[in-house]
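In what follows, a structure is listed as structure tokens, so that the remarks can point back to it.
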Amino acid sequence: MSKEPVAVVGVGQTKHVAARRDVSIAGLVREAARRALDDAELSWADIEAVVIGKAPDFFEGVMMPELYLADALGAVGKPMMRVHTAGSVGGSTALVAASLVAARVHGTVLTLAFEKQSESNAMWGLSLPIPFQQPLLAGAGGFFAPHVRAYMRRSGAPDTVGSLVAYKNRRNALKNPYAHLHEHDITLEKVQASPMLWDPIRYSETCPSSDGAVAMVLTDRAGAARAPRPVAWMHGGAMRSEPTLFAGKDSVSPRAGRDCAADVYRQAGIVDPRREIDAVEMYVPFSWYEPMWLENLGFAAEGEGWKLTESGVTELDGDLPVDMSGGVLSTNPIGASGMIRFAEAALQVRGLAGEHQVEGARRVLGHAYGGGSQFFSMWLVGAEPPAS
């Protein structure tokens, strides 16, 4: 029996900010869920199951919060599942929800991811003490900076590429009312003059700490037929993982990322992603990861990704727009960041992305990664139903 086609019929997210002091975690997730239901013109009663994801519980200090969030999400008496795959969890959560629809376990599923970083300190939460980690770095940037330097050596990329990505994404964020950072006075010179945090990563080339949540309503073919607005059809989705450290690991272009992308393209019938995919919502927490992931995902040959960035290909009006919403560089509620990429991809093919809409976008890739470049989740959504 073939899989049931999966459609995104509702998307909702909060306005992402540094601190949402006005709501609890329950209030935060309910706000996003309510907006997704409103987009789909559905009620809580129409939802058969809820799949929720977030980053490690010690980020907020609330263990297994899904147990007390059921009421806020209309899930009392309904199946509720928690997913966790570090920073990629938002993407993985959406894929688990999609699998329930594809397998015909449920007809309509609410999936949601969140983080309330203001109630934690993620940087030091990621800086583990001895004996779990050598005392050589602080925060995720300290871990990834050597990988960026390795990419620069390997590719010969000039040291200005990172600032180009940050400048582009922050300008894109100005067109997205939900983005956290709205820097109206941003200039390339300001990015390049910002303090060096983890050589070669500057302050303006890093992601913020955000409070926020995002939700999607996923449904089957019958549910899509009743949708009041255009839907996004899932053409392919996959997860892959690999250890953080092992002999022969390529930290610049991890095998798990390449394999995950290849699986998604196979499912979607994509032969040439550079030509057949219209845009990408890419998980880029530090600006240099745009050219690195362009290569990892097959959009550029090894050592050539930075040239796409430098030549303007990834600009909002370029040949392959990347992070039209402003990306993780502009909004980063960690547990939700991956699902925001998936949701923004869906908004693009639905034609509902507002000022950051890519004209004529028909197939868009959503991408997430997490941990020490060890967890990957991706989906490709399209404006037309997948070929049967």
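The values are calculated or read from the model by the stated rules, or taken from the named source; none is laboratory data. Predicted, not measured: the structure shown is a model, and the values here were computed from it. Using ideal geometry, Cβ is built from the backbone for each residue, glycine included, and neighbour counts are taken over all protein chains shown. We work out accessible area using only protein heavy atoms, side chains counted, and drop any ligands, DNA or RNA first. Shrake-Rupley method; radii C 1.70, N 1.55, O 1.52, S 1.80 Å.
Here are a few things to note about the model shown:
- Positions within segment 161-200 being surrounded by 23 or more Cβ atoms within 10 Å (Cβ to Cβ), among the aliphatic types (A, V, I, L, M) and within 23 Å of R20 (Cβ to Cβ), in sequence order: A173, A179
- Among (1) hydroxyl-bearing (S, T, Y); (2) open to solvent by less than 20 Å² (accessible area, probe 1.4 Å); (3) over 23 Å from V9 (Cβ atoms) - the single one T93 does not satisfy: (3)
- Number of residues in segment 175-188 that are in contact with a helix residue (DSSP H, G or I) (Cβ under 9 Å, 6 or more places away or on another chain) and without any contact (Cβ under 8 Å) to a residue 40 or more places away in the chain: the value is 5.
- Residue count for segment 256-287 satisfying the condition of being open to solvent by 50 Å² or more (accessible area, probe 1.4 Å) and either among the β-branched types (V, I, T) or touching an Asp or Glu at 6+ places or on another chain (Cβ under 8 Å) (or both): 1.
- Residue in segment 60-90 that is surrounded by the most Cβ atoms within 10 Å (Cβ to Cβ), counting only those that are outside any loop (DSSP other than H, G, I, E, B) and under 21 Å from the mean Cα position of the chain (by Cα): G90
- Test: residue in segment 103-113 that is in contact with a Pro (Cβ under 8 Å, 6 or more places away or on another chain), outside any strand (DSSP E or B) and modelled with pLDDT of 90 or more: yes
- Among the residues of segment 230-252, the ones that are among the polar types (S, T, N, Q) and either part of a loop (DSSP other than H, G, I, E, B) or in contact with a Gly (Cβ under 6 Å, 6 or more places away or on another chain) (or both) come to 2 in all.
- Within segment 41-69, residues that are basic (K, R) sit with their Cβ atoms under 7 Å from residues that are part of a helix (DSSP H, G or I), at 6+ positions apart or across chains, in these pairs: K54/V89; K54/G335.
- Of the residues making up segment 12-59, those that are among the aliphatic types (A, V, I, L, M) and assigned to a loop (DSSP other than H, G, I, E, B) number 6.
- A single entry from R21, R30, R35 fulfils the requirement of being open to solvent by 10 Å² or more (accessible area, probe 1.4 Å) and touching a Gly at 6+ places or on another chain (Cβ under 6 Å): R35.
- Against the test of being assigned to a loop (DSSP other than H, G, I, E, B) and open to solvent by 30 Å² or more (accessible area, probe 1.4 Å), the options G326, G298, G312, G318 yield a single qualifying residue, G298.
- Count - residues of segment 274-295 that are assigned to a helix (DSSP H, G or I), touching a residue at least 24 places away in the same chain (Cβ under 8 Å) and not aliphatic (A, V, I, L, M): 7
- Identity of the residue in segment 201-246, buried (at least 24 other Cβ atoms within 10 Å of the Cβ) and of a type in the set (S, T, Y), that ends up nearest to A40 (Cα to Cα): T219
- Looking across segment 96-105, just one residue is touching a helix residue (DSSP H, G or I) at 6+ places or on another chain (Cβ under 9 Å) and surrounded by fewer than 22 Cβ atoms within 10 Å (Cβ to Cβ), and that is V105.
- Taking residues in segment 150-163 that are within 12 Å of S287 (Cβ to Cβ) and polar (S, T, N, Q), and partners anywhere that are assigned to a helix (DSSP H, G or I) and open to solvent by less than 10 Å² (accessible area, probe 1.4 Å), the pairs with Cβ atoms closer than 7 Å and at least 6 places apart or on different chains are S163/V191; S163/E205.
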